[in-house]
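The structure appears below as structure tokens.
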Amino acid sequence: MDLNKYTIKEASGKLKAGEISSVELTKACLGRIKEVDEKLKACLTVCEVEALDMAKRADERRKNGENGDLLGIPFLAKDNIMTRGIKTTAASRILENYIAPFDATIIKKLKIRGAVLLGKTNLDEFAHGASTENSAFGPTHNPWDLKRVPGGSSGGSAVAVASDMCIFALGTDTGGSIRHPAAYCGVTGLKPSYGRSSRFGLIAMTSSTDVPGPLTKTVEDAGIVMEAISGPDKKDATTIKQDNSFSENEYKQSLKKENIKGTRIGLPMEYFEAGISEDVRKTINEAIQKLKELGAEFIDISLPHTKYAVSVYYIITPAEVSSNLARFDGIRYGFSVEQVETLQELYFKNRGGGFGAEAKRRIILGTYILSSGHFDAYYKQAQKVRIKITEEMIDIFNSVDCLLTPTSPHTAFLLGGQDKDPLKMYLEDVFLAGVSLAGLPAISIPVGFSNNLPIGVQLIGNKFNENKILNIGHHYQMVTDHHLKKPKPLV
Amino acid sequence: MELTNEQIKYISSLAKLNLNEEEINIYKSQLSNILGYVNQLSEINTVDVNETINSLDFDYVLREDVVEDWNENEKKETLGLAPKLDGGQIMVRKIL
């Protein structure tokens with residue numbers, strides 16, 4: 001078997017047994033990137049020299065008695081996550097040559113455990129989008145059909161995992177950006193609870209919903225990565241304190257439960273109404289049937305404010321985006337024009353020339369929403385409806401353990417198919433935005449195919465109950481093989 | 001909800017963002033469309049809802065506001081990102 005195809009569990013087992021080295025594993029991944037990425041364009045930066053150096057050090061650490069699950073495991077990180085000494089561009093021209101002077105907390109945590117950073121993956125510029133077409137450096141292609149989008153905004157990370165360029169990848173999820181591409185590419189994607197993993201060192205998009213998480217080949221692997229990257233961080237005041245956090249091994253313990261008998265899963269009717277393609281509906285129903293066979297109970301429920309989630313999200317997000325992107329002026333770093341006289345002119349030209357179309361759209365929309373005379377009608381009202389959505393979702397967990405919905409109403413669409421209509425693109429988040437607004441954890445898991453394109457199911461947990469959705473997903477994957485299927489060879 | 005060219009120009013000046021005529025026209029129609037959609041929120045009665053700025057209902061992690069020194073290399077790397085430097089300081093264009 002090609003080493004790059006291993007899961008974290010398999011690779012770490014081989015490393016622990018001394019059957020393979022991290023250098024061999026890292027070379028296999030780098031070789032795979034060279035082999036297929038010209039067609040897929042998932043990676044923006046590959047740091048071969050640094051990766052092999054880290055792999056060597058990991059092998060030395062293992063010789064010296066260290067034995068962690070992530071020691072020597074190669075991974076890729078979305079390019080809006082700061083990596084010291086390696087370019088971090090956010091797929092934007094304005095940061096084209098930006099090299100972060102520090103590591104994001106989650107990168108630091110992985111490095112301490114000896115994971116090997118292979119490079120950085122493509123995304124929609126500043127994570128604005130659901131197709132990875134908004135990248136200033138060109139779109140990423142779906143490995144199941146090169147003419148289709150991989151979803152987004154963590155499209156590069158999802159493609160890299162689906163095509164075995166790495167053992168796992170990191171993404172960020174603001175309104176669906178881990179779950180959506182995970183579904184389109186047939187991999188597992190976990191959006192943790194807001195506050196579970198540190199945002200320090202992420203290039204901020206919507207600070208009140210941004211959260212980093214793993215894209216992996218199995219649910220079990222998602223648990224292993226989560227265990228490493230979660231926890232309180234003094235550099236991010238919105239991380240949850242340790243005394244409220246899960247114990248170190250809680251993720252693993254949750255995967256050891258013998259069965260899911262008696263688990264109560266809610267099916268919100270609003271997520272199954274018109275608009276879902278028949279193939280998606282049929283496949284989701286098969287997944288429900290499989291979970292019933294495993295002993296789960298299904299309960300029909302209603303979340304009447306679901307239909308407002310995208311509207312709330314596309315008021316709050318541009319408002320926060322316009323504030324967060326105000327820092328990019330090309331003075332301390334980033335794209336900067338030469339021929340200008342005054343500071344004012346420099347601001348206008350650097351920002352006008354450095355930001356892409358979607359970033360500009362969100363800055364203008366956000367500035368409008370926050371401007372005098374519109375703030376109450378849009379922003380204040382959206383925050384109030386956000387509370388209604390959140391309370392409604394939290395309340396439902398009094399009667400169920402988790403919720404099950406499709407991740408997306410359809411399979412991956414064609415490249416260029418929706419990029420002229422921003423509203424249509426925003427509606428891609430219809431099943432995903434509510435979870436982000438409420439800060440809940442959710443995981444997308446592959447449950448089948450339609451015309452050889454993957455379909456994902458979303459499991460949503462109550463706040464900080466990642467263990468429940470991981471447990472259900474893990475049991476599902478133990479009796480199914482959708483997550484093991486690979487795209488047909490590209491070369 | 002129809003935005004005008006003047007409104008888009010005014011907003012882009014607030015956001016310090018150069019836009020050409022073509023962009024102004026495209027954004028005008030796209031943003032009018034988006035605002036038309038999100039206007040559905042006005043139909044919800046929120047009189048009974050308290051305002052809040054986030055959905056956090058757990059204990060924050062706080063720290064003392066202490067300055068952490070960077071080593072010379074880190075300072076050099078960070079300043080090296082600026083397009084124009086003069087004697088270790090970042091140069092800006094004239095303000096007046």
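The values are calculated or read from the model by the stated rules, or taken from the named source; none is laboratory data. The structure presented is a predicted model; accordingly, all values stated were derived computationally and were not measured. For neighbour counting, all protein chains shown are included, and Cβ atoms are generated from backbone atoms with ideal geometry for every residue, glycine included.
Would you be able to tell me the number of residues in segment A:76-108 that are part of a strand (DSSP E or B), over 26 Å from A:Ser230 (Cβ atoms) and over 20 Å from the mean Cα position of the chain (by Cα)? Selection size over segment A:76-108: 1.
Is it the case, given these coordinates, that A:Ser336 is assigned to a loop (DSSP other than H, G, I, E, B), within 14 Å of another protein chain (Cβ to nearest Cβ) and touching a helix residue (DSSP H, G or I) at 6+ places or on another chain (Cβ under 6 Å)?
Working: assigned to a loop (DSSP other than H, G, I, E, B): yes; within 14 Å of another protein chain (Cβ to nearest Cβ): yes; touching a helix residue (DSSP H, G or I) at 6+ places or on another chain (Cβ under 6 Å): yes.
Here the answer is yes, as A:Ser336 does meet what is asked.
The residues listed here are B:Glu6, B:Glu74; of these, the one that is in a helix (DSSP H, G or I), more than 24 Å from A:Val340 (Cα to Cα) and facing chain A (nearest Cβ under 7 Å) is B:Glu74. When the criteria are applied in full, A:Ser323 fails the requirement of being within 11 Å of chain B (Cβ to nearest Cβ), assigned to a loop (DSSP other than H, G, I, E, B) and among the polar types (S, T, N, Q).
Does A:Gly176 fit the bill of being touching a residue at least 60 places away in the same chain (Cβ under 8 Å), more than 14 Å from chain B (Cβ to nearest Cβ), crowded, with 24+ Cβ neighbours inside 10 Å and not in a loop (DSSP other than H, G, I, E, B)?
Answer is no for this residue.
Among the residues of segment A:53-97, the ones that are surrounded by fewer than 24 Cβ atoms within 10 Å (Cβ to Cβ), among the charged types (D, E, K, R) and touching a residue at least 40 places away in the same chain (Cβ under 8 Å) come to 8 in all. The residue list A:Gly151, A:Gly171 contains one member that is within 12 Å of the chain's Cα centre (by Cα), closer than 21 Å to A:Glu320 by Cα and at pLDDT 95 or above, which is A:Gly171. For segment A:350-395, taking the residues that are of a type in the set (Lys, Arg) and over 18 Å from B:Tyr27 (Cα atoms), the one that is nearest to the other protein chains (Cβ to nearest Cβ) is identified as A:Lys384.
Quick check on A:Ile288: is it more than 10 Å from every other protein chain (Cβ to nearest Cβ) and outside any loop (DSSP other than H, G, I, E, B)? Explain how you work it out, then say what you get.
Numbers: more than 10 Å from every other protein chain (Cβ to nearest Cβ): yes; outside any loop (DSSP other than H, G, I, E, B): yes.
It is true that A:Ile288 is more than 10 Å from every other protein chain (Cβ to nearest Cβ) and outside any loop (DSSP other than H, G, I, E, B).
Within segment A:91-105, the set of residues being over 24 Å from A:Thr140 (Cα atoms), touching a strand residue (DSSP E or B) at 6+ places or on another chain (Cβ under 8 Å) and facing chain B (nearest Cβ under 9 Å) is empty.
The single condition among (1) modelled with pLDDT under 95; (2) crowded, with 18+ Cβ neighbours inside 10 Å that A:Met1 does not satisfy is (2).
Quick check on this structure: which one of A:Glu338, A:Glu273 is within 18 Å of A:Leu403 (Cβ to Cβ), at pLDDT below 95 and exposed (fewer than 13 other Cβ atoms within 10 Å of the Cβ)? So that I can check it myself, show each step before the final result.
Details: A:Glu338 fails: within 18 Å of A:Leu403 (Cβ to Cβ).
When all the criteria are applied, what remains is A:Glu273.
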